[in-house]
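Rule-based calculations on the coordinates, nothing more; no lab input. Note that the coordinates shown come from a computational prediction; the quantities given were computed from them, not determined experimentally. Because the Cβ atoms are built from the backbone with ideal geometry, glycine has one as well, and the counts that use them run over all protein chains shown.
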2 protein chains.
Amino acid sequence: MPSPSTAAPQRVVLFTDDDPLLLDGGGRLDHVEVAYETWGTLAPDASNAVFVCHALTGDAHATGTPEAPGWWETMVGPGRPVDTERFFVICPNLLGGCRGTTGPASVDPATGSPYGLDFPLLTVRDFVTVHRRLARHLGIDRMLAVVGGSLGGMQALQWALDAPEEVARAVVVAGSSRLSAQNIAFSAVARSAIMRDPGFADGRYAEGDGPRTGLAIARMMAHITYLSEQAMAEKFGRRFQDADEPRHRFGVDFAVESYLEHQGQTFLDRFDALSYLYLSRSLDYFDCFAEPDATDALTAADDPTRFLVVSFDSDWRFATSHSRRIVRELERARVPVSFREVSAPHGHDSFLLDDDDYLGTVAAFLDQAAEQAAGQAGGKGAGRAS
Amino acid sequence: MPSPSTAAPQRVVLFTDDDPLLLDGGGRLDHVEVAYETWGTLAPDASNAVFVCHALTGDAHATGTPEAPGWWETMVGPGRPVDTERFFVICPNLLGGCRGTTGPASVDPATGSPYGLDFPLLTVRDFVTVHRRLARHLGIDRMLAVVGGSLGGMQALQWALDAPEEVARAVVVAGSSRLSAQNIAFSAVARSAIMRDPGFADGRYAEGDGPRTGLAIARMMAHITYLSEQAMAEKFGRRFQDADEPRHRFGVDFAVESYLEHQGQTFLDRFDALSYLYLSRSLDYFDCFAEPDATDALTAADDPTRFLVVSFDSDWRFATSHSRRIVRELERARVPVSFREVSAPHGHDSFLLDDDDYLGTVAAFLDQAAEQAAGQAGGKGAGRAS
């Protein structure tokens, strides 16, 4: 059992060569270490656990301090929807990531060198398999809720499909059940920029600088898709970065160029190009309702997962149509699902931002989860007493 | 006077050191050669000239043969809206381009070496200044129509604003009077990919391969913005390029990836990276209604330019809102303007494609132009006879 509340990420080895991680695509990993953070106190009956799944370039640090804030401060923390004073909150770094969990930059025990492109291809189900093992390690059989945005939402969805008995509620924000050709196209260009960069060196760049140009370009392009056209217009318009300076010709001149350059550069300090390839590719292949029996376990569950699906009307990365498809498939599977399209101007990034309507909806859904759990505990108690 | 109909591009020197091209931004070019093609026969009174302006990566070859088709076969040719059996049609390669007209890859007469980044920054007005000189060279005082899509439409618009007496009608298809922050953002990432490519060598790559990776990435990304999400979904969906082959991991796997790779590679054979920088930058700075007196000449003209503005409902590169802004400004200037939003599924690329509704609208507008010109000629004749 972990300490009830931690400030720094912990690490745990969840799979070893005696008990390897068997991957969805047929490969295996003989050593998987996971970095994760937790907040709050796990109830004695383990009934208050909320699992937070991060998106493409996130990490375990969902919430922190004013000096070292997390990536989801709006959602996670004292008095926030995922209330760390009430819930025991867990957030791991994803398998294939570069922030403490085993990934392509980790050392392959078979060779003593970093995996590079020898790392196996991953699927969202593989992420979930690792999450499930972490949950068991922490002594939790059933999550009160699994919560995520974008790729994080896909993990919540896949977990509920794979093991509905482990997920009382799933919150799928700005997610998708399968990417469109346009979604894949953007990822393909990003990967191409990384892999064509001479610094990529076929993935064996551990000694060098790595594909810094390619990774910056990938990040800049991705940022365009995370913001709505309207949000970009309001934030930057056609304003010059420095109206008094002479025009910089082809360098940074407009404020929006300065923003993108900054996003590209700062990303280099915190993210690895190989992780970008692996995690983005898992998105492309994700198609969780493709198999005819995809929802069978969910439909057959005694107490199936209840879903909250949230989209944002200005999101063009995963537009509301993606969320509607999820809702349609879940309704077809006869499971309880609430859907909310939130009117918010910031595009896909809205899932990270402060919006009363959005956060209030998630808070209410998690309140119900807590009440229901308390009711069931009370019911059980009453049953035992009778 | 040129031969009445030509199949191959001609070249003409339009500016020399005795009579240099004075640029909008303050610079000058002492030697400007222009490559252009013409089709059809100029009427004795030069009343049937239609000027076609190309977009970002076009050239003078608007229409050709089945073996060597042009980039606008749907619009230009015998029996097409810009009817080469009826009109004398002119299409030059743009200043700053790389298909025969003076551009950054041309030799700077002052140094004997290619200009590279010493080439001056260009504006849409500079393109128009060269067009106007070419028209005079061909003996045409007034165009029956100036027609263009995207950046081509901007040239038509700017020409009418600068010299309305020279443009009887202007057809502005899928254009914009000023780019949005998102538009600029995509161009900025494209330029960044080119300029960060080690092959760019600060623009002095004439001896080497040039920034092939950067230029391919720029083109791939641009192609995403030229197609609607719906068109991409219908054309490629989530189909694999070769369903029987093993997955290519991070290479080309989905059909949409194959398409983008192909577009990126073929572009390298026909376009120059420096021209991409210069022409795309001219788009960013274009803001033709910014000056308070921008429409004064147009409003004051005895016989002001008549406009047809066309947008496509699935175009998200220059959405209908861009065209509506043009229409609003022209209406404010009290000039005759027709506006048509065409329902077409293919996004920005629709302006190049066969669509009866779109092409019929342009054909009708040009028919009226021809009838009006004939009526005026008849009127003049009657005047002289009386």
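Take every residue in peptide B:210-222, count the Cβ atoms of other chains within 10 Å of its Cβ, and give the average of those counts. Before the final figure, lay out the partial values.
Details: counts 0, 0, 1, 9, 6, 0, 4, 11, 3, 1, 8, 10, 1.
Other-chain Cβ atoms within 10 Å of each residue's Cβ, averaged: 4.
Taking a label point 7 Å from the Cα of A:Asp357 along the Cα→Cβ vector, which residues of the range A:221-255 have an amide N closer than 16 Å to it?
A:228, A:230-231
Taking every pair of distinct Cα atoms and averaging 1/r, then inverting, what Kirkwood hydrodynamic radius in Å comes out for the protein assembly as shown? Intermediate values should be presented prior to the final figure.
Values: mean 1/r = 0.0349 Å⁻¹.
Taking the inverse mean of 1/r over all distinct Cα pairs, the protein assembly as shown comes out at 28.6 Å.
Roughly speaking, what is the stretch gain from B:Val107 to B:Gln372, that is 0.36 nm per residue apart minus the C-alpha to C-alpha distance, in nm to one decimal?
Numbers: separation 265, 0.36 × 265 = 95.40 nm, distance 4.47 nm.
Here the answer is 90.9 nm.
Using the basic label-point model (7 angstrom from Cα toward the beta carbon), what is the B:Arg239 to A:Asp244 distance in nanometres?
Label-label distance for B:Arg239 and A:Asp244, simple model: 5.8 nm.
7 Å from Cα along Cα→Cβ at both A:Thr41 and A:Thr65: what's the point-to-point distance in nm?
Distance between label points: 2.2 nm.
Report the GluC sites (Glu not before Pro) located in the range A:146-250 that are in a DSSP loop and have at most 13 other Cβ atoms inside 10 Å of their Cβ, or state none. Mind showing how you got there, number by number?
Values: sites: A:Glu165, A:Glu166, A:Glu207, A:Glu229, A:Glu234; in loops: A:Glu207.
Passing both the DSSP loop test and the Cβ count: A:Glu207.
I need the fraction of alpha carbon pairs in the range A:183-281 separated by more than 15 Å, rounded to a whole percent. Don't jump to the answer; show the numbers that get you there.
Numbers: 3118 of 4851 pairs.
Taking all Cα-Cα pairs of the range A:183-281, the fraction more than 15 Å apart is 64 percent.
Calculate how steeply helix A:356-385 sits against the longest principal axis of the alpha-carbon atoms of chain A, using the helix alpha-carbon long axis, and give the answer as 0 to 90 degrees to the nearest 10.
20
Dividing the convex hull volume of the alpha carbon atoms of chain B by its residue count, what do you get in Å³ per residue?
Once divided by residue count, the hull of chain B is 153 Å³.
Enter the per residue convex hull volume of the range A:1-138, computed from alpha-carbon coordinates, in Å³ rounded to the nearest integer. Kindly include the intermediate steps, with their values, before the conclusion.
Values: hull volume 16.1 nm³, N = 138.
Cα-based convex hull of the range A:1-138, divided per residue, equals 116 Å³.
In the neighborhood of A:His322, defined by Cβ-to-Cβ distances under 10 Å, what is the net charge if each Lys or Arg adds +1 and each Asp or Glu adds -1?
+3
If I model a spin label at A:Asp269 and A:Asp303 as a point 7 Å from the Cα along the Cα→Cβ vector, what separation in nanometres do I get?
Using points 7 Å along Cα→Cβ, the separation is 4.6 nm.
Given the range B:215-370 reduced to its alpha-carbon atoms as identical point scatterers, what log10 I(q)/I(0) does the Debye formula return at q = 0.09, 0.17, 0.20 Å⁻¹?
Normalising to I(0) and taking log10 leaves -0.44, -1.15, -1.30.
Other chains near A:190-196: what is the mean number of their Cβ atoms within 10 Å of each residue's Cβ? Walk me through the intermediate numbers first.
Details: counts 3, 3, 12, 11, 1, 3, 8.
Per residue, the average neighbour count from other chains is 6.
Helix-only estimate, please: 222 nm mean residue ellipticity of chain B, summing -39500 (n - 2.57) across DSSP H runs of length 4 or more and dividing by its residues, to the nearest 500. Walk me through the numbers on the way to the answer.
Numbers: 10 runs with 139 residues, N = 386.
Value at 222 nm, helices only: -11500 deg cm²/dmol.
Specify the angular offset, from 0 to 90 degrees and rounded to the nearest 10, of the alpha carbon long axis of helix B:124-137 from the longest principal axis of the alpha carbons in chain B.
Between the helix axis and the principal axis of chain B, the angle is about 50 degrees.
Counting other C-beta atoms within 10 Å, and keeping those with at most 16, which DSSP coil GluC sites (Glu not before Pro) do you find in the range B:16-77? Intermediate values should be presented prior to the final figure.
On the way: sites: B:Glu33, B:Glu37, B:Glu67, B:Glu73; in loops: B:Glu67, B:Glu73.
For GluC sites (Glu not before Pro) across the range B:16-77 that sit outside H, G, I, E and B with at most 16 neighbouring Cβ atoms in 10 Å, the list reads B:Glu67, B:Glu73.
First select every other residue whose beta carbon is under 12 angstrom from the beta carbon of A:Arg11; then total the charges, Lys and Arg +1, Asp and Glu -1.
On the way: positive: A:Arg99; negative: A:Glu33, A:Glu37.
Taking every Cβ under 12 Å from that of A:Arg11, the sum is -1.
Skipping prolines and chain starts, which residues have an amide H placed within reach, meaning under 5 Å, of the one on A:Val147, given they are 5 or more residues away or on another chain?
Amide H neighbours of A:Val147, under 5 Å, 5+ apart: A:Phe51, A:Val52, A:Cys53, A:Val171.
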